[in-house]
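**Q** The following block contains the structure, expressed as structure tokens.
The values are calculated or read from the model by the stated rules, or taken from the named source; none is laboratory data. The structure displayed is predicted, hence computed values, not measured ones. Cβ atoms come from the backbone with ideal geometry, glycine included; neighbour counts cover every protein chain shown. Accessible surface is based on the protein model in full, side chains and every heavy atom, while ligands, DNA and RNA are left aside. Shrake-Rupley method; radii C 1.70, N 1.55, O 1.52, S 1.80 Å.
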Amino acid sequence: MAHSPQLDRVIGMIKARAQTVRTTTDEDRASYENMLASMPMAEDIATQRVGAGGVPAEWIRAPQARTDRVMLYFHGGGYVIGSMRTHRAMLAEISRASDFSVLGLEYRLAPENPFPAPVEDALTAYRWLLHMGMAPGKIVLGGDSAGGGLVVSALVALRYMGEPMPAAGVCISPWVDMEATGNSFLTNATVDPSVSKERIIQIAKVYLAGKNPRTPLASPLYADLHGLPPLLSLVGSIETLLDDARALTERARAAGVEAMLEVWDDMPHVWTHFAAILPEGQQAVERIGDFMRHQVQ
């Protein structure tokens, strides 16, 4: 299938960031923000900073977004970088496509706050939504990359704690294996413009801070996935993380979970970031919106 001419521009942007030398965490965070700062966000989007049980967060709402339907969203960035500044424009597109209010979570990051701080913050924010009167069946958890893994970790933790489950989970290019054992780290090494096995192993060490890489809430590939709500995973065919999404889906299905996997031809890691300028990014966002509405009917 032919891809849009805009894809070459997007892959060029991703490659340019990958090739810039970043020696400190602060430089890495700034470089990620600089790449995504150019993504336009429509003027009709409403944003509001809130404390979700003490965790900084931001409401993002398109004009027609319902207040009784919420996507609790965990941004990507390897648990080390990323923020609402990097993800606000994409979450605005998801709100418009789904008619949901989106609550983007600024969970604590490593190295300052390694595992399990993000998982704790995800649970805190979910409980805050319940405390605010949100029906669990009207909540969808979403995330990309590390945030996609965090969706699964949070669901497993919620089930373990006996909390009421949300309606569904959405994982975009999910990272669920701290050891990067998927074969696609080798087969897609030359075509993925941003994520290498070396990079994954490096940031995993920062996040784990000495803990076992197979700890289930850090690598949810190794978690007991029974009892989870429906999961939708989207991944690009050129991603090194392709096999993470495949393995997650296989494990979830084996545990009796309704798990769907969509592999998008020629798409790079978290191509939804570029929905404002990339037709395939917009199409993926619309697919996510359809899934969310279907699960919360």
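**Q** Choose one answer from Met84, Met13, Met165: the residue with the largest mean-square fluctuation in a GNM of the chain with alpha-carbon springs under 10 Å.
**A** Met13
**Q** What are the ³J(HN,Hα) couplings of region 105-116, residue after residue, when phi is run through the Karplus curve with 6.51, -1.76, 1.60 and θ = phi - 60°? Round to Hz, x for glycine and proline.
**A** 9, 9, 5, 5, 10, 7, x, 4, 9, x, 3, x
**Q** Scanning the chain for helices, which whole DSSP H stretches are 30 Å or more long along the axis (Cα) and average 1.6 or more by Kyte-Doolittle?
**A** What comes out of the filter, once short or polar helices are dropped, is none.
**Q** Follow-up. Quick check: pseudo-label points 7 Å beyond the Cα along Cα→Cβ at Tyr160 and Ile201, how many nm apart are they?
**A** 2.7 nm
**Q** Using a 1.4 angstrom probe, figure out how much accessible area the chain has per residue, in square angstrom, rounded to the nearest whole. Please report the intermediate quantities before stating the final value.
**A** On the way: 11540 Å² over 297 residues.
The answer is 39 Å² per residue.
**Q** Could you work out the relative contact order of region 202-253, using alpha carbon pairs under 8 angstrom and six or more residues apart, expressed as a whole percent?
**A** RCO, region 202-253: 27 percent.
**Q** Shifting gears a bit: Restricting the count to DSSP beta bridges whose residues both fall in the chain, what percent are antiparallel, rounded to a multiple of 5?
**A** The antiparallel proportion sits near 30 percent.
**Q** List the lysines whose Cα lies under 27 Å from the Cα of Lys15, skipping any in the same chain that are fewer than 8 positions away.
**A** Straight-line reach from Lys15, under 27 Å: Lys197, Lys205.
**Q** Report, to the nearest whole %, how much of the accessible area of region 67-127 belongs to carbon and sulfur atoms, 1.4 Å probe, protein only.
**A** Details: 680 of 1460 Å².
On region 67-127, the fraction of accessible area on carbon and sulfur atoms equals 46 percent.
**Q** Moving to a separate point now. Using amide H atoms built in the peptide plane, which far-off residues or other-chain residues are under 5 Å from Leu261 H to H?
**A** Ser233
**Q** How big is the dipole moment of region 28-168 about its Cα centre under a simple scheme where the beta carbon of each Lys and Arg is +1, that of each Asp and Glu is -1, and everything else is neutral? Debye, nearest 20, please.
**A** With only Lys, Arg, Asp and Glu charged at Cβ, the dipole is about 260 debye.
**Q** Based solely on its DSSP helices, what 222 nm [θ] is calculated for the chain when runs of n ≥ 4 H residues each add -39,500 (n - 2.57) and the sum is averaged over all residues, nearest 500 deg cm²/dmol?
**A** Result for the chain: -12500 deg cm²/dmol, rounded to the nearest 500.
**Q** Another one. Only bridges whose two residues both fall in region 1-140 count here: according to DSSP, what percent of them are antiparallel, nearest 5?
**A** The antiparallel proportion sits near 60 percent.
**Q** Separate question: May I ask for the longest run of the chain untouched by trypsin sites (Lys or Arg not before Pro) that are loop-located per DSSP and have at most 16 neighbouring C-beta atoms (other than their own) within 10 Å?
**A** Excluding the exposed sites themselves, the longest stretch runs over 109-210.
**Q** Calculate the dipole size of the chain relative to its Cα centre from +1 charges on Lys and Arg beta carbons and -1 charges on Asp and Glu beta carbons; express the result in debye to the nearest 20.
**A** Using Cβ point charges on Lys, Arg, Asp and Glu, the chain gives about 460 debye.
**Q** In debye to the nearest 20, how big a dipole does region 124-196 give about its Cα centre with +1 on each Lys and Arg Cβ and -1 on each Asp and Glu Cβ?
**A** The calculated dipole for region 124-196 is roughly 360 debye.
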